[in-house]
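Read through the structure below, which is laid out as structure tokens, and then see the notes.
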Amino acid sequence: KEVTVTNSKTKELIELDKMHYIHPTSAPKDVAENGPGIIFSDGNGIYVNNLEGEPYIDGMSMLWNVNLGHGQEELAEVAKEQMLKIAYSSSFKGFSNEPAIKLAEKLATMAPGDLNAVFFTSGGSESNDTAFKLSRFYWEQKGKSEKRKIISTKNGYHGVTFAAQSATGIPATHEFAGSSVEGFYHATPHLINCELGDKGDPNYEQSIRSLIEKEGADTIAAVIIEPVQGAGGVNIPPEGYLQAVRKLCDEFDILFIADEVICGFGRTGKMFGVDNWDVVPDLMCIAKGITSGYAQLGGVMINTNVREEIVNFEGVLAHGFTYSGHPTACAVALKNIEIMERDGILENVQNMEKELEKGLAYLQDKHDIVRNCRTIGLLSAFELYNPERGEHFDPSVNAASAVVDECFDRKLILRHIGSFRVAIAPPLIINKQEIERMIQVIDESITAFKKKLG
Ligand code: PLP
């Protein structure tokens, strides 16, 4: 989307960006021709400024990760302090560092059930790849090396490394550059009005069961699901869904991996997404909110059973990232968690969830094109319907992206998912007035969109 630019520094940066910067998950032709949509400069709380100092509401916490909002000085200070102590320290060959050890212990106290140990990574995709490898390794250790397949769900998003992308069930992502590797299978979960060629299956339990039976439980290492599908459309599961997956995994002797990359660290109003349903996975992938985006960090939490098999292995675990257990990232994560606990962030999310729900109900009442509002914690979406058609707008209308553009013009950043869904995931420190402002902007944006439609 073209932006009006007045500042000469901005103009220069736009030209340099167009020439030299290949943006992830962006339309390269568009960016190369029209430049970046915005160049961020700084931020405070729920606001981010462009280079010209114009404030935007960060209604998505950037990529669902800046949970404590922008400009948290304590996080910056702890990073500086730790960097001045040591640039970096390796965790290979049994080397260690204090922030990583303390964070591992802290996570063990926070995670549900007996998820008491962690393997650190630098992000979500690395965490999911690690979880797949550890699952296979676990079964090899148990003498069942034929258990290698991974089951995920259609419409799930797990990242973009080869394995994570293979587990992803969103066709455009899954199929990019033939990146899908063997051994990954997609079951049909419950879905709400999915436009990706599948309406979902209310009998999700049977769908996953059938896939397990078809492939053979003795060939399946793990099932991975997001407690709430994020990039697939903010699809909140019905009561019983996660419990059913847990039960299936127990019945067929399959490991259950929860991808908590978005849900973890308070996004859904509980510390972890699975806590909403009292389900304990065998492995739990974390990233994003662990540092509120201030540093790159991820991890896989593992239960006692999986840990036992790993620590009883007498060889070298041939898996690790240079930045596994980076001291600066771990120090930031520890401070991030400390602030979350000290400032009652979970309580704020639970209170603000009600405000967001109220706001969306108002929008749905007022606008006949708004439907299917759903919110869990501060993870939310609504859909755009064409009342005359009695169904979603035709994809050619690009209704969701048009509304998101209208919001952007009014200085609110949201995200469209496909052609009719709009996601909202503001920083967890947001207050009532700020939610009301967001709703007001969405209201005006929908009105403008309707006017343009005629
Ligand atoms: N898993 C989920 C549920 C995600 O939403 C994402 C990213 O959005 C990932 C994994 C991939 O994480 P990363 O982009 O840090 O590799």
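Computed from the coordinates by the stated procedures, all read-outs in this text should not be read as laboratory data. Note that the structure is a prediction, hence the values are computed from the model and not measured. Here Cβ is always computed from backbone atoms with ideal geometry, including for glycine, and neighbour counts include all displayed protein chains.
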- [ ] Just subtract the alpha-carbon distance of Glu81 and Lys142 from 0.36 nm times their residue separation and send over the number in nm, one decimal.
- [x] 17.6 nm
Open item on the list: Expected output is a single nm value to one decimal: the length gained when fully extending between Asp278 and Glu54, i.e. 0.36 nm times separation in residues minus the C-alpha distance. What is it?
Closed with: 76.3 nm
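Quick one: Phe184, Phe382, Phe40, fewest Cβ neighbours within 10 Å first, how do they rank?
Phe40, Phe184, Phe382
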TODO: With a 10 Å radius around each residue's Cβ, average the other Cβ atoms per peptide and rank 217-229, 398-410, 27-39, 258-270, highest first.
DONE: 258-270, 217-229, 398-410, 27-39
Task: Largest-first principal axis extents, alpha carbons of the range 1-62, Å - done: 32, 27, 17
Open item on the list: I need the phi-derived Karplus couplings for the range 328-338: 6.51 cos²θ - 1.76 cosθ + 1.60, θ = phi - 60°, integer Hz, Gly and Pro marked x.
Closed with: 5, 4, 5, 5, 5, 4, 4, 5, 4, 5, 4
TODO: Evaluate the distance, in nm, between pseudo-label points positioned 7 Å from the Cα of Arg342 and of Thr322 along their respective Cα→Cβ axes.
DONE: 3.3
Task: FRET efficiency, 1/(1 + (r/R0)^6) with R0 45 Å, evaluated for Glu213 and Glu74 via beta carbons - done: 0.30
Task: Mean projected area (nm²) of the alpha-carbon convex hull when the range 74-342 is viewed from all directions - done: 13.9
- [ ] Using only the Cα atoms of the range 143-286, build the gyration tensor, take square roots of its eigenvalues as a ≥ b ≥ c, and label the shape rounded, prolate or oblate: rounded if a/c is under 1.5, else prolate if a/b is larger than b/c, else oblate.
- [x] rounded
Task: Distance between modelled label sites at Ile101 and Glu388, nm, 7 Å Cα→Cβ extension - done: 6.9
Task: Whole-angstrom gap from the range 230-288 to the range 7-46, using each part's C-alpha centre - done: 35
TODO: Once you have a ≥ b ≥ c as the square roots of the Cα gyration tensor eigenvalues for the range 204-356, tell me rounded if a/c is under 1.5, and otherwise prolate or oblate according to whether a/b is larger than b/c.
DONE: oblate
Open item on the list: I'd like to know which of Met340, Val261, Thr121 lies farthest towards the positive end of the charge dipole of the chain, counting +1 on Cβ of Lys and Arg and -1 on Cβ of Asp and Glu.
Closed with: Thr121
Open item on the list: For a quick check: with amide H placed at 1.01 Å from N, whose amide H comes under 5 Å from Arg415's, ignoring anything fewer than 5 positions away on the same chain?
Closed with: Ala423
- [ ] Taking the chain as the reference, fit the longest principal axis to its C-alpha atoms, fit the long axis of helix 345-366 to the helix C-alpha atoms, and give the angle between the two in degrees, 0 to 90, nearest 10.
- [x] 40
Open item on the list: Taking a cut-off of 40 Å, what percent of all Cα-Cα pairs in the chain are separated by more than that?
Closed with: 18
Open item on the list: I need to check one value: relative contact order of the chain, counting alpha carbon pairs closer than 8 Å and at least 6 residues apart, in percent.
Closed with: 19
Task: Principal axis box of the range 31-75, alpha-carbon based, largest edge first, Å - done: 39, 22, 17
Task: Stretch gain in nm, segment Asp17-Lys358, where the contour uses 0.36 nm per residue and the Cα spacing is subtracted - done: 118.7 nm
Open item on the list: Defining a contact as two alpha carbons under 8 Å apart and six or more residues distant in sequence, what relative contact order in percent does the range 74-342 show?
Closed with: 28
